[in-house]
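The values are calculated or read from the model by the stated rules, or taken from the named source; none is laboratory data. Predicted model, so just to flag it, every value in this text is computed and none were measured. We place every Cβ from the backbone using ideal geometry, glycine too, and count neighbours over all the protein chains shown.
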Amino acid sequence: MSDRLLGIIVDSFTKILIPGIKVTIPLTVLSFSFAMVIAVIVAMIQFANIKVLKQISRFYIWVVRGTPLLVQLYVIFYGLPNMGIIIDPFPCAVLVFSINEGAYCAETMRAALESVPKGQIEAGYCVGMSYLQIMRRIVLPQALRIAFPPLSNSLISMVKDTSLAANITVVEMFMATQRIVARTYEPLALYIEVGLIYLLFCTVLTGLQHLGERKLSVTAERRKDPWYRHVISQSRFRRR
Amino acid sequence: MVQARNITKSFQAQIVLRGVDLFVEKGDVVAILGPSGSGKTTLLRCLNFLETADGGTLEFDGETFQMGHVSKRDIARLRKKTAFVFQNYNLFSNKTALQNVTEGLVIGRKMDKVKAMEIGRRALDKVGLSDRYDYYPHQLSGGQQQRVGIARALATDPEIIYFDEPTSALDPELIGEVLTVMKQLAEEGMTMLVVTHEMSFARNVSNKVIFMEDGRVLEQGSSKEFFENPKEERIKAFLQTLRGGA
């Protein structure tokens with residue numbers, strides 16, 4: 001490897017990483033947070049079977065899941081100005097990513113809500129709780145636990161999807177890399193480099209997912225539990 | 001205390017209840033017997049509005065309700081005076097035994113948390129689970145879970161407890177512990193309406209029996225009379241097969 005190339009790679013590392021930290025991460029965090037809010041609301045509307053709103057929710061999911069993310073970005077960023085609606089690149093990216101991810105996560109949440117046994121809702125009614133109280137205290141906590149792994153999946157996808165924001169002039173990691181490539185003519189090394197930085201980000205998230213899952217898991221609760229330990233030791237004793 | 005008249009209910013084309021009357025006095029322990037599919041569970045669920053009956057009137061504590069159209073507020077008010085014990089326990093999986101019992105008090109009734117814990121502990125003590133306050137449902141046996149279910153019902157100080165086949169999901173050796181608790185409640189004068197297949201409970205603990213078949217009540221009367229002197233041929237046959245089975 002030539003010294004020149006090595007110099008470029010080392011040099012550009014911070015030049016790529018900084019937009020990563022300053023743009024890619026905030027873009028992901030903001031979009032995913034809004035997406036979660038949309039997802040929970042849309043999933044609950046469907047779960048509670050609220051008439052008109054349910055139709056609207058299904059329509060929203062149908063449209064968003066059925067069209068490419070890139071097309072959505074273009075329609076909002078390059079198309080809407082035709083109607084006099086102009087949104088800055090970064091907020092526009094947040095808007096589109098939230099709406100897009102919200103539709104997918106809504107389906108994840110709906111499945112998770114439906115996996116909580118209905119009997120627990122009836123039990124909630126019978127002890128005098130209201131529907132919203134039951135949702136908040138009983139159903140949602142269980143659904144979030146179930147939805148945690150697939151939602152982590154969505155979050156990891158989203159980190160990588162933010163590279164599409166380069167198309168609407170958001171200077172995030174990928175756009176920053178493209179600019180360096182245009183100057184240096186080293187596409188192979190630099191695109192691999194940015195790929196590795198995405199990999200680094202996703203590795204951290206995967207680690208966090210494992211931590212989160214362990215914290216949420218039922219088995220962890222059991223391991224802490226003295227009675228469970230007692231049973232385990234008993235069964236060992238019996239085997240001997 | 002509870003008087004229901006002419007309850008009807010159908011699911012799509014299938015008629016489940018064909019005009020059921022039911023009378024429960026304060027302190028009664030009523031066993032609802034009958035073959036599977038006779039509408040026993042649906043009857044119980046209609047009484048607590050887990051299903052909406054098509055028609056019929058319910059008189060509860062002197063108030064009369066049209067069962068087909070009751071307002072949500074009335075339902076919520078009525079439910080605060082009753083409690084329900086489910087066949088599959090239906091404990092809140094994300095709550096400990098004690099939280100399961102206090103949830104309805106703290107959240108549903110806005111009771112002070114310390115007071116609710118006190119009541120919750122007492123209810124769990126009563127069903128013999130003093131050493132299981134902080135256990136999650138999955139850490140408890142079926143019998144223990146059902147006893148938590150009963151404690152949860154007791155804690156809300158209900159005027160009547162509806163039991164929907166409380167022992168049907170249990171292993172035979174765990175049925176006893178649940179029946180013992182129910183018997184104790186009966187002796188303390190709790191009003192109970194129990195859908196059950198446990199003939200020993202119906203015969204020895206309950207004072208009244210309702211026998212249902214095909215959405216109708218065939219016989220309703222004292223349990224002594226029912227077992228010793230059944231009037232209907234159908235009931236004689238039913239009791240006969242039970243004896244044969246046992």
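Of all residues in segment A:110-131, at least one satisfies being at positive phi, within 14 Å of chain B (Cβ to nearest Cβ) and without any contact (Cβ under 8 Å) to a residue 24 or more places away in the chain. Taking the listed residues B:PHE11, B:PHE65, B:PHE60, B:PHE92, the one that is of a type outside the set (Lys, Arg) and at pLDDT 95 or above is B:PHE92, with no other qualifying.
Restricting segment B:77-95 to residues that are more than 7 Å from chain A (Cβ to nearest Cβ) and surrounded by fewer than 22 Cβ atoms within 10 Å (Cβ to Cβ) leaves a set whose member that is farthest from the chain's Cα centre (by Cα) is B:LYS95. A:MET173 meets all of the listed conditions (1) more than 14 Å from every other protein chain (Cβ to nearest Cβ); (2) touching a residue at least 12 places away in the same chain (Cβ under 8 Å); (3) within 15 Å of the chain's Cα centre (by Cα) but one, namely (3).
Quick check on B:MET199: is it farther than 20 Å from B:LEU170 by Cβ and at pLDDT 90 or above? So that I can check it myself, show each step before the final result.
Numbers: farther than 20 Å from B:LEU170 by Cβ: no; at pLDDT 90 or above: yes.
Here the answer is no, as B:MET199 does not meet what is asked.
For segment A:42-75, the tally of residues that are in a helix (DSSP H, G or I), without any contact (Cβ under 8 Å) to a residue 60 or more places away in the chain and either in contact with a Leu (Cβ under 7 Å, 6 or more places away or on another chain) or among the β-branched types (Val, Ile, Thr) (or both) stands at 8.
Tell me which residues, restricted to segment A:100-117, are surrounded by 19 or more Cβ atoms within 10 Å (Cβ to Cβ) and part of a helix (DSSP H, G or I). Of everything in segment A:100-117, those that are surrounded by 19 or more Cβ atoms within 10 Å (Cβ to Cβ) and part of a helix (DSSP H, G or I) turn out to be A:ASN100, A:GLU101, A:GLY102, A:ALA103, A:TYR104, A:CYS105, A:ALA106, A:THR108, A:MET109, A:ARG110, A:ALA112, A:LEU113.
I'm trying to understand the selection: among the residues of segment A:57-81, which are surrounded by 13 or more Cβ atoms within 10 Å (Cβ to Cβ), more than 17 Å from A:VAL170 (Cβ to Cβ) and over 19 Å from the mean Cα position of the chain (by Cα)? Selection gives A:SER57, A:ARG58. Every condition in (1) free of Cβ contacts under 8 Å to residues at least 12 places away in the same chain; (2) part of a strand (DSSP E or B); (3) closer than 29 Å to B:PHE226 by Cα is met by B:THR64 except one, and the failing one is (3). Quick one: in segment A:9-56, of everything that is within 18 Å of A:ALA165 (Cα to Cα) and among the polar types (S, T, N, Q), which residue is surrounded by the fewest Cβ atoms within 10 Å (Cβ to Cβ)? So, considering only residues that are within 18 Å of A:ALA165 (Cα to Cα) and among the polar types (S, T, N, Q), the one surrounded by the fewest Cβ atoms within 10 Å (Cβ to Cβ) is A:SER33. In segment A:96-109, the condition of being in contact (Cβ under 8 Å) with a residue 60 or more places away in the chain, aromatic (Phe, Trp, Tyr), within 14 Å of chain B (Cβ to nearest Cβ) and touching a helix residue (DSSP H, G or I) at 6+ places or on another chain (Cβ under 8 Å) is met by no residue. The single residue among A:LEU140, A:LEU132 that is of a type in the set (A, V, I, L, M), within 30 Å of B:LEU47 (Cβ to Cβ) and surrounded by fewer than 15 Cβ atoms within 10 Å (Cβ to Cβ) turns out to be A:LEU132.
Out of B:ARG203, B:ARG216, B:ARG234, B:ARG243, one residue alone is without any contact (Cβ under 8 Å) to a residue 12 or more places away in the chain and of a type outside the set (Asp, Glu). It is B:ARG243. Checked against the criterion of being facing another protein chain (nearest Cβ under 9 Å) and surrounded by 17 or more Cβ atoms within 10 Å (Cβ to Cβ), segment B:116-134 has at least one qualifying residue.
Table: residues versus (1) surrounded by fewer than 21 Cβ atoms within 10 Å (Cβ to Cβ); (2) within 13 Å of B:VAL29 (Cβ to Cβ).
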residue: B:GLU159; (1), (2): yes, no
residue: B:ASP164; (1), (2): no, no
residue: B:SER168; (1), (2): yes, no
residue: B:GLY176; (1), (2): yes, no
residue: B:VAL195; (1), (2): no, yes
residue: B:PHE211; (1), (2): no, no
residue: B:ASP214; (1), (2): yes, no
residue: B:GLN220; (1), (2): yes, no
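Within segment B:104-115, the residues that satisfy the criterion of being free of Cβ contacts under 8 Å to residues at least 24 places away in the same chain and either within 12 Å of A:VAL127 (Cβ to Cβ) or buried (at least 22 other Cβ atoms within 10 Å of the Cβ) (or both) are B:VAL106, B:ILE107, B:MET111.
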